[in-house]
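Before any comments, here is the structure.
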Amino acid sequence: MPELSVYRGAVYWMISDYGYQTLNEPGDADNDIRFQCTAKSGRSYRSQFLLYPIQRIARVVIHFDLRYHPNRRLFFAEVVHRLNDSVAVLGHFEFHWDSGQTSFVFGAEVTDPDPETFATMMNRCAYAIEVWEAASGFFSGRLGADGVVSVAQMLTEV
């Protein structure tokens, strides 16, 4: 079974290869690797890999930092819930009611921790980021949550 250092080395290699900015040092010994990923739009998102080599599981989390009035919290919770229908097989969006934070989470079993495995995980998050960015263009408009999600789905159809 590969050790944590093997998982960490593969993730840092992928981060370097993709040109992402790391937010913690490669020498840190924990299983939480934080970095900034950049979408096609040029926006950067706080991201992290959570590594569990004993269970052979890795999770990638993309954080969408939003600023909005607290009375819009129910609207964003509904948008996130509806967006999950679009990306369910690729992972899921999470909405934390207390903080109002939204993130996208994807996890996978990792039996062969090489940079390509972690690059594939990031690529699976790309569609979710596209859907989120398409939806975010309508957050301040007059559309309801169902309208925002419908427009986002049309804008990101493959």
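Which loop chymotrypsin sites (Phe, Trp or Tyr not before Pro) in segment 67-158, with loop taken from DSSP, have no more than 11 other Cβ atoms within 10 angstrom of their Cβ? All intermediate terms of the calculation are to be shown ahead of the outcome.
Details: sites: Tyr68, Phe75, Phe76, Phe93, Phe95, Trp97, Phe104, Phe106, Phe118, Tyr127, Trp132, Phe138, Phe139; in loops: Tyr68, Trp97, Phe138, Phe139.
Counting only loop positions with at most 11 other Cβ atoms within 10 Å, the chymotrypsin sites (Phe, Trp or Tyr not before Pro) in segment 67-158 are Trp97.
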| message | If I take R0 = 22 Å and measure r between the Cβ atoms of Ser5 and Ile57 in this structure, what FRET efficiency does the formula 1/(1 + (r/R0)^6) give, to the nearest 0.05? | response | 0.85
| task | Please compute the Cα-Cα pair-distance distribution of segment 1-79 with 5 Å bins starting at 0, giving whole percents from short to long. | result | 3, 13, 22, 19, 14, 11, 9, 7, 2, 0
| Rel. contact order, % - alpha carbon contacts under 8 angstrom, at least six apart, segment 63-122 | 32 percent
| field | Spacing of the two label points (7 Å from each Cα toward its C-beta) at Trp97 and Trp13, in nm | value | 4.4 nm
| Most fluctuating residue given options Gln21, Gln36, Gln55, as computed from a GNM of the chain linking Cα atoms under 10 Å | Gln55
| message | Loop-only trypsin sites (Lys or Arg not before Pro) in segment 56-91, please: DSSP not H, G, I, E or B, and at most 10 other Cβ atoms within 10 Å. | response | Arg67
| task | Find how many whole Å separate the alpha carbon centroid of segment 28-103 from the alpha carbon centroid of segment 118-158. | result | 13 Å
| remark: Answer check: segment 39-86, Cα atoms, Kirkwood Rh, Rg/Rh ratio of 1.09
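Would you kindly state how much longer the chain becomes between Ala39 and Arg72 on full extension, computed as 0.36 nm times their sequence separation minus their alpha carbon distance, in nm to one decimal?
On the way: separation 33, 0.36 × 33 = 11.88 nm, distance 2.55 nm.
Gain on extension, Ala39 to Arg72, equals 9.3 nm.
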| said: Can you find, among Leu50, Phe138, Tyr12, the residue sitting farthest towards the positive end of the charge dipole of the chain, where Lys and Arg contribute +1 and Asp and Glu -1 at Cβ? | reply: Phe138
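Each reported figure results from applying straightforward, stated rules to the coordinates on display, with no laboratory input. If you're wondering where the values come from, they're calculated on a predicted model, not measured in any experiment. In this analysis, Cβ positions are derived from the backbone assuming ideal geometry, glycine residues included, and neighbour counts consider all displayed protein chains.
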